[in-house]
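Below: the structure, in structure tokens.
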Amino acid sequence: MEVRREQQLLQEELKEQEAQRLRDEEEQHHLRELEALERKREQQNLLQEEIIKINTETIRAKEHKKEQEKMAVLKAMEYIQHKAEQDAEKEAKQMSIKKEREKEVARLRALQERDRDYKADKAAIAKQEAEEALKQQKALVHADGLRQQLRECQQQAVTKRRELFKEREELDEVARQRRLRLDDIKERKLKEL
């Protein structure tokens, strides 16, 4: 009876030890699962952080690229506008130079026309005076009593011709000086262009 009782207690103790061992193993297994789950969660967190980091850097890179493209477009637009302004300014300057040159040419032509008209008028007057002097000389030749007057008229005519010749030379010199000044002005204007 006593032996059976001890065997029964021993079996119960063994069962209890086995149950405890199973509980310990189950607890260890549960702990390992928790640790594995924790490691997995940490890995997921790290992966999530890495994904966020990569996404942030990608967004930042896209924004930087977009800003650079925007700056490049602005610079191109500024260059085009600056070039257009330069071309317009250059064209306006060339038009102004062309107008000034045309005005100067017209002015010089007008001066030349006036100079030719002046010379033509002077030549006509000189011819008319010479013809009148010749008529006077012919009329005086037929009058014996007017020989002295003829000589005086001839002398006056000679003197007048000399004066006219001298005046013509002076006017020619004035015209020559004017032509020299006009040529000098034209040369300076052409050099400025």
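Rounded to 0.05, the FRET efficiency of the residue 155 and residue 122 pair, given R0 = 30 Å and the Cβ-Cβ distance, is 0.80. Classify the chain from the C-alpha gyration tensor, please: rounded if a/c falls under 1.5, else prolate or oblate depending on whether a/b exceeds b/c. Prolate shape, in that a/c is at least 1.5 and a/b is the bigger ratio. Placing pseudo-labels 7 Å out from each Cα toward the beta carbon at residue 6 and residue 44 gives an inter-label distance of 5.7 nm. You can think of it this way: the chain between residue 172 and residue 111 has 20.5 nm of extra reach, that is 0.36 nm per residue less the Cα-Cα gap. Counted by Cβ distance under 13 Å from residue 76, the other residues give a net charge of +1, where Lys and Arg count +1 and Asp and Glu count -1.
Put simply, when 98-111, 55-68 are sorted by average Cβ atoms within 10 angstrom per residue, most first, you get 98-111, 55-68. Would you work out which of 136, 59, 120 lies farthest towards the positive end of the dipole of the chain? Charges go on Cβ: Lys and Arg +1, Asp and Glu -1. Farthest along the dipole direction, towards plus: 136. With R₀ set to 30 Å, the beta-carbon distance separating residue 24 from residue 51 gives a calculated FRET efficiency near 0.15. Under 23 Å between alpha carbons, and skipping anything fewer than 8 positions from residue 62 in its own chain: which lysines qualify? Within the straight-line cut-off, residue 62 pairs with 53, 70, 75.
Would you please classify the overall shape of region 35-77 from the alpha carbon gyration tensor, given that a ≥ b ≥ c denote the square roots of the eigenvalues, rounded means a/c under 1.5, and beyond that prolate means a/b larger than b/c while oblate covers the rest? Prolate shape, in that a/c is at least 1.5 and a/b is the bigger ratio.
Taking the Cα centre of region 38-193 as origin, sum charge times position over the Cβ atoms of Lys and Arg (+1) and Asp and Glu (-1), and report the length of that vector in debye to the nearest 20.
340 debye
Measuring r between the beta carbons of residue 63 and residue 89 and using R0 = 30 Å, the FRET efficiency lands at 0.20.
Every read-out reported here was derived from the displayed coordinates using simple, explicitly stated rules and does not represent laboratory data. As the structure is a prediction and not an experimental result, all values here were calculated from the model. Note that each Cβ is placed from the backbone with ideal geometry, even for glycine, and that neighbours are counted across all protein chains shown.
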